[in-house]
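Notes follow once the structure below has been shown.
The values are calculated or read from the model by the stated rules, or taken from the named source; none is laboratory data. Because the structure is predicted, anything quoted here is derived from the model rather than measured. Every residue, glycine as well, gets a Cβ built from its backbone with ideal geometry; the counts of neighbours run over all protein chains shown.
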Amino acid sequence: MSATPQAQKLFGHAEENNYLKCSSGIKSWLFTLDHKRIGVMYLIGVTFALFLAGVFALILRSELFTGDENFLSEAQYNQMFTLHGAIMVFAFIIPSIPAALGNFVLPMMLGAKDVAFPRLNLCSFYLWMFGTAFLLTAMLTNGLDTGWTFYTPYSITTTTAVIYATMGAFILGFSSIFTGLNFLVTVNTMRPKTMGWFKLPLFIWSLYATSIIQILATPVLGITLLLLIAERVMHIGIFDPAYGGDPVLFQHFFWFYSHPAVYIMILPAMGVISELISVYSHKKIFGYSFIAFSSVAIALLGFLVWGHHMFTSGQSQLVTLVFSAITFSVAIPSAVKVFNWLATLYKGSIKLVTPMCYALSFIFLFGIGGLTGLFLGTLSTDIHLHDTYFVVAHFHFVMVGGTLTALLGGLYHWWPKMFGRMYNDFLGRVGCFLVFVGFNLTFFPQFVMGSRGMPRRYARYDPEFEIFHQASTIGAFILGIGILLAFAVLVHAVFFGRKIGGNPFGAASLEWQSSSPPSFHNFDHKIHMNAPYDFSAMVYDEEMDTYIQRDFVTPETPEVPAPEPTKA
Amino acid sequence: MLNLIGLLAQTESESLVPAAPEYRDGSYWFPEAASSFAKDVDPLFMLIFWVSLVFFAAIVGFMIYFVIKYRDRPGHKVEKSASHNTALEIAWSVLPGFLLIWFFVDGAAGFFNMRVTPGDAEQIQVIARQFNWEFHYPNGDATTELHLVRNRPVEFVMESRDVLHSFFVPAFRQKQDVVPGRYTYTWVKPTKEGIFRLYCTEYCGDSHSLMKTNVHVYNSQEERDQATFYPWEDETPIKNGQRLFNMKCSGCHNNNDVKKTGPGLGGIWGKMETLSDGSTVEVNDNYFRESLLNPGAKLVKGYANQMPSFQGKLNDDQIFWLRAYIKSLTPNAKIEDELNLPASEAREKVDTADGDKPAAE
């Protein structure tokens, strides 16, 4: 794109000044305070974690191809599923969308230069590195075989490296808190004056809700893990029944964080999907305020349902009843989002490009993930399904079918902004298709074997479950290939993709008013304050091969009355 | 009838080589329904299933329809439509709520059936430990497989000797964690005879996936008595030891030389073992006794110190029987004559031969 005066006015002076090129050398990255570079480093980090834990998953699935021992002893299998879970949850899913995509996009969506505390932001990334290093240390020294849940008293008595791993999770918790804190302050203080709460893009709402959870819930995890370490080292008698402690108390503490953490994982994903559905339908999101408030509702209700992980744990029946009731209430805001996304498609102009394929795939998979939650929230059916593969399938549909799908969709959506180049859309869609097919083949059979009674965390299993496990293993490899292809297409685009303009998709939120890739300062020109979903204000300009503001083309004709932002 | 095969298998269940039991198939979504709880779980599961399927079909149906109808193509433009509709949105937020209330109430009713034990239930004590189940019956018998009588409600009073476990019989649709440091309770009323699987469903360590056993349901008390009765005094110490081994040791030790969580105990008698500190020790009566009562004292190289002490949990008779059985697992170990006598006579012989005799080699 030649920097014509018009382009400069619209997208700023980038080219030589962009954040990737403005300085060079390894130090310029390691000591950067630029949210965009930190976002990219986070992205590389979490992708590494995803691949590592993904390889563990494939090893697990290969071992499970038959019910007897293939190549892992029971102890090795237990270590493998523990590390798969711990790395996926703590080092990948929790930071994935907020810390990688959110870091890059959030300040730009606000028209800001950076987050409120750039140094804290870099610190958060280094904490992520240290925390992950501790997890890997646990893996390389004595291993870890407690499951990612660290349930006591097994985690007190096992000889594996529980202390390294819990230190890792503890440090990763702080990384998460710092990101959340940063986002809250940024959204509160760095919005342009004219951008009220109801003019924020929905991705910001979801990140804001996520940040609230990160700040309020994560400290509880930190305290719990410290208590666990103290119990292991000093036998303080809080969780260990041998010293008068109560192992069920650990479960309460653990899930008080880890259930809200589920929403740390899924809320940002829902935010991404709200953006994608709207942009690629080229239509204002339907029911903005319902979607926005549903994020907040989910965040708050998410704090009140931890006991549904403990229906069979021996907690009192009355408590169990209350938790079941509140659990159902979380179903409503989730369903509201799905209905609103569908209504957004209605009468839109739907472009089936790669990010949109991921978004539609998300609705499908999250639909199954959410609906199967009903079986688990219902008490009598949960007693049967608890701790079986039904649960494994359910949370993978939400975490992988939901969060990972949304992450990939979001990456494909913002990739041209991040690197200024277009990916191969055909191969992108092939990747999406493989992920979709592989995912369903992997996890759908797990529902069936689960309700037939296959317990989770089993290294060996009975012959009647073999056919389901084999389908699942084949699916896992297809899923693996799909994810590899998806990332390969993205990486290829960085080096060989066609260069593109500032706003290739006609999106209306502010980050698209920067050049692609953005300049170091994000915006070194005056930003045009669009409503985030007012696509009628965008018009395609052939000369520049990008969308620009209609106002800019015909300055004196504001013929389209901008749809009024809804005030609830 | 498959039941017949099941019954045949039962009589063999506690013998040296358990016959492979015949498990019956269930429906597509469920294992066979064999307790009174199936009516609380299965129909509700299917109700939620069909309601979910209708919603899911509608969501995906509308999605596909919209994507085809409103796909971006030359000449197609975004049509004007409302950007919100409060009445519609409130409707689709509130109306599904009634279905949720239905699920909740129905599920809670079933749950209370599963958690409130009827007064006339018989009590079975359940002891869970890594990686074995032990069931104690009202008449004093104990087994590693669970034996029940059809149509008789039974309450399980469960305790764990080490970490968390969970008692799960898919065919009964019943599950309850077993928590160390407290008792937990659950109950069932089996409605069908046959053999069913019992799993541990709370991760409990290395051989978690092997912590499973069988549930046998009989038509009458007599059959159950036959299956659980064991005349300790009339059987030989070796046979008694084997029964104890199956109940208390087999979770971590094989009776051959294959390594499990702990070393295999076949063929070890008289062998020199290398310990974790590099020294060696001969496996004999005293080492056996010490390993049982103070397992960490002389740890064989390559194994973690994770065996619980059996101090106070086994009486002298039981230690004697176990020693007899372990010894019998080594083909050329010398077996004293009394180990092949009925236990009551063997005890007399040992007792009269004076206490300080370290059971000669």
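What do you reckon, is A:Ala471 in contact (Cβ under 8 Å) with a residue 12 or more places away in the chain, part of a helix (DSSP H, G or I) and surrounded by 22 or more Cβ atoms within 10 Å (Cβ to Cβ)? Break it down into steps so the answer makes sense when it comes.
Details: in contact (Cβ under 8 Å) with a residue 12 or more places away in the chain: yes; part of a helix (DSSP H, G or I): yes; surrounded by 22 or more Cβ atoms within 10 Å (Cβ to Cβ): no.
So A:Ala471 fails the test.
Within segment B:200-213, identify whether any single residue is more than 10 Å from every other protein chain (Cβ to nearest Cβ), touching a residue at least 12 places away in the same chain (Cβ under 8 Å) and surrounded by fewer than 24 Cβ atoms within 10 Å (Cβ to Cβ), and answer yes or no. Walk me through how you get there before you give the answer.
Our first condition is that a residue be more than 10 Å from every other protein chain (Cβ to nearest Cβ); within segment B:200-213, this holds for B:213.
Imposing the further condition that a residue be touching a residue at least 12 places away in the same chain (Cβ under 8 Å) reduces the set to B:213.
Filter again for surrounded by fewer than 24 Cβ atoms within 10 Å (Cβ to Cβ), leaving B:213.
The answer is yes; a qualifying residue exists.
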(request) Scan segment A:468-511 for residues that are within 14 Å of another protein chain (Cβ to nearest Cβ) and modelled with pLDDT of 95 or more and report the count. (result) 2
(message) Checking B:Ser166 against (1) within 14 Å of chain A (Cβ to nearest Cβ); (2) surrounded by fewer than 23 Cβ atoms within 10 Å (Cβ to Cβ); (3) of a type in the set (Ser, Thr, Tyr), only one condition comes out false. Which one?
(response) (2)
(request) State whether one or more residues within segment A:256-276 are of a type in the set (Phe, Trp, Tyr), farther than 15 Å from A:Trp205 by Cβ and either surrounded by 24 or more Cβ atoms within 10 Å (Cβ to Cβ) or in contact with a helix residue (DSSP H, G or I) (Cβ under 7 Å, 6 or more places away or on another chain) (or both). (result) yes
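Answer with yes or no whether A:Leu267 is within 14 Å of another protein chain (Cβ to nearest Cβ) and among the aliphatic types (A, V, I, L, M).
Numbers: within 14 Å of another protein chain (Cβ to nearest Cβ): no; among the aliphatic types (A, V, I, L, M): yes.
It is false that A:Leu267 is within 14 Å of another protein chain (Cβ to nearest Cβ) and among the aliphatic types (A, V, I, L, M).
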(message) Could you tell me how many of the residues in segment B:119-147 are free of Cβ contacts under 8 Å to residues at least 24 places away in the same chain and more than 16 Å from B:Tyr183 (Cβ to Cβ)?
(response) 3
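Just the residues that are of a type in the set (Val, Ile, Thr) and either more than 25 Å from B:Asp337 (Cα to Cα) or surrounded by fewer than 17 Cβ atoms within 10 Å (Cβ to Cβ) (or both), please, taken from segment B:229-259.
So the first thing to find is which residues in segment B:229-259 are of a type in the set (Val, Ile, Thr), and the list is B:236, B:238, B:258.
Selection gives B:Val258 alone.
Looking at A:Thr132, A:Thr82 in this structure, which one is under 19 Å from the mean Cα position of the chain (by Cα) and in contact (Cβ under 8 Å) with a residue 24 or more places away in the chain?
On the way: A:Thr82 fails: under 19 Å from the mean Cα position of the chain (by Cα).
From the options A:Thr132, A:Thr82, the qualifying one is A:Thr132.
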(message) If I go through segment A:321-365 residue by residue, how many of them are within 15 Å of B:Phe111 (Cβ to Cβ), touching a residue at least 24 places away in the same chain (Cβ under 8 Å) and at the interface with another protein chain (Cβ under 7 Å from one of its Cβ atoms)?
(response) 3
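Within segment B:169-198, restricting attention to residues that are at the interface with chain A (Cβ under 8 Å from one of its Cβ atoms) and out of contact with any helix residue (DSSP H, G or I) (no Cβ under 7 Å at 6 or more places or on another chain), which residue is surrounded by the fewest Cβ atoms within 10 Å (Cβ to Cβ)?
Restricting to residues being at the interface with chain A (Cβ under 8 Å from one of its Cβ atoms) and out of contact with any helix residue (DSSP H, G or I) (no Cβ under 7 Å at 6 or more places or on another chain), the top hit is B:Arg182.
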(message) Of all residues being in contact with a Lys or Arg (Cβ under 8 Å, 6 or more places away or on another chain) and not in a helix (DSSP H, G or I) in segment A:323-350, which is nearest to A:Val398 (Cα to Cα)? Just the residue, please.
(response) A:Ile350
(message) Suppose we keep only residues that are more than 8 Å from every other protein chain (Cβ to nearest Cβ), buried (at least 23 other Cβ atoms within 10 Å of the Cβ) and assigned to a helix (DSSP H, G or I) within segment A:238-253. Which one would you say is nearest to the chain's Cα centre (by Cα)?
(response) A:Gln251
(request) Go through segment A:277-320 and give me each residue that's small (Gly, Ala, Ser), surrounded by 24 or more Cβ atoms within 10 Å (Cβ to Cβ) and within 13 Å of chain B (Cβ to nearest Cβ). (result) A:Ser278, A:Ser281, A:Gly287, A:Ala292, A:Ser294
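Please work out which residue is farthest from the chain's Cα centre (by Cα), limiting yourself to segment A:433-453 and to residues that are aliphatic (A, V, I, L, M) and buried (at least 22 other Cβ atoms within 10 Å of the Cβ). Steps first, please.
Going residue by residue through segment A:433-453, those that are aliphatic (A, V, I, L, M) are A:434-435, A:437, A:441, A:448-449.
So of that shortlist, the ones also buried (at least 22 other Cβ atoms within 10 Å of the Cβ) come out as A:435, A:449.
Details: A:Val435: 16, A:Met449: 28 Å.
By that ranking, first place goes to A:Met449.
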(request) Return the total of residues in segment A:378-419 being within 14 Å of chain B (Cβ to nearest Cβ) and in a helix (DSSP H, G or I). (result) 15
(message) Which numbered condition in (1) at pLDDT 95 or above; (2) buried (at least 17 other Cβ atoms within 10 Å of the Cβ); (3) hydrophobic (A, V, I, L, M, F, W, C); (4) not in a helix (DSSP H, G or I) is the only one that A:Leu52 fails?
(response) (4)
(message) Need pairs with beta-carbon distance below 9 Å; first residue facing another protein chain (nearest Cβ under 7 Å) and among the β-branched types (Val, Ile, Thr) and within segment B:66-83, second assigned to a loop (DSSP other than H, G, I, E, B) and surrounded by 11 or more Cβ atoms within 10 Å (Cβ to Cβ); sequence gap 6+ or separate chains.
(response) B:Val67/A:Leu352; B:Val78/A:His282; B:Val78/A:Lys283; B:Val78/A:Lys347; B:Val78/A:Gly348; B:Val78/A:Ser349; B:Val78/B:Tyr70
